[in-house]
Amino acid sequence: MSERTANTKSPARYGAALGLLAAALFGISAPLAKLLLGALRPQLFAGLLYLGAGLGLSLFRALHPRNAESPLRRTDVLPLLAVVAFGGIAGPLLMLLGLLRVGALTGSLLLNIVLCGERIGVADFGAMMAMALGIGLLLRERHAHQHAHKKVQHEHIHSNDAHHLHEHEPHDPPTEPHSHAHRHAPLTHDHPHMPDLHHRHRHEER
């Protein structure tokens, strides 16, 4: 078996950091978009936003090619179309239409961040404190108990952790994370975990 480079980053902390960064950047977009709405119609502006995002991601993909992701299947088509329709078309269009009717502060609060130096009231401050408290509780949560994994065969991006101690074929990607078809044997163990692809089990009431 060839040597493989494991990803040592903590998935929970790394994911939380990326999520907070995404929320901050998404929140910043509200006041910046408010500044440009007077010059562009919301429909045109929404199209330009996601056209720019598509071009930027295409350039990043060209400069950093990776084949770790599992390929799309027919069953992925409808969920993907729903994501595009709601998240890529309806979402940004409704956001921009809403920004025409509210200030940058209100729009930013709705997107989890406050900018532009507008006056902050008691309700606004309370909303920010509630958001910060919720983030803190989520990051401190530790969920661990004995649970069972059923036998399953599938394909997704992964690293060789306690749930992926399978054999590799010569044609499987040598670096990690990677994606290839693999089998999971039945496994029962106890460890801290979060709801993900491999942890969708039921919980008994205590």
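The values are calculated or read from the model by the stated rules, or taken from the named source; none is laboratory data. Small disclaimer: the values here were computed from a predicted structure and weren't measured. Quick reminder, even Gly has a Cβ in these numbers, built from the backbone with ideal geometry, and neighbours come from all protein chains shown.
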Search result, residues across the stretch 176-192 that are more than 14 Å from GLU69 (Cα to Cα) and assigned to a loop (DSSP other than H, G, I, E, B) = ALA185, PRO186
Among the residues listed as ALA46, ALA24, the single one being touching a helix residue (DSSP H, G or I) at 6+ places or on another chain (Cβ under 9 Å) and more than 29 Å from ALA181 (Cβ to Cβ) = ALA46
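Check PRO173, PRO195 and return the single one that is assigned to a loop (DSSP other than H, G, I, E, B) and exposed (fewer than 12 other Cβ atoms within 10 Å of the Cβ).
The unique qualifying residue is PRO195.
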Looking at GLU167, is it under 12 Å from GLU69 (Cα atoms) and not hydroxyl-bearing (Ser, Thr, Tyr)?
-> no
Please specify each residue of the stretch 37-89 satisfying the condition of being within 20 Å of the chain's Cα centre (by Cα), polar (S, T, N, Q) and exposed (fewer than 12 other Cβ atoms within 10 Å of the Cβ).
-> SER58, ASN67
Scope the stretch 137-191; condition more than 24 Å from ASP76 (Cβ to Cβ), at pLDDT 85 or above and hydrophobic (A, V, I, L, M, F, W, C); matching residues = ALA148, ALA185, LEU187
Selection over the stretch 34-72 where residues are among the hydroxyl-bearing types (Ser, Thr, Tyr) and more than 19 Å from GLY87 (Cα to Cα) yields a count of 1
Output for Cβ contacts, cut-off 7 Å, separation at least six or different chains, first residue in contact (Cβ under 8 Å) with a residue 12 or more places away in the chain in the stretch 144-155, second in a strand (DSSP E or B) and of a type in the set (Lys, Arg), reads GLN153/ARG183
Please name all residue pairs, on different chains or six or more residues apart, with Cβ atoms under 7 Å, provided the first residue is in the stretch 11-30 and is touching a residue at least 24 places away in the same chain (Cβ under 8 Å) and the second residue is surrounded by 14 or more Cβ atoms within 10 Å (Cβ to Cβ) and among the polar types (S, T, N, Q).
-> ALA23/ASN112; GLY27/SER108; GLY27/ASN112; ALA30/SER108
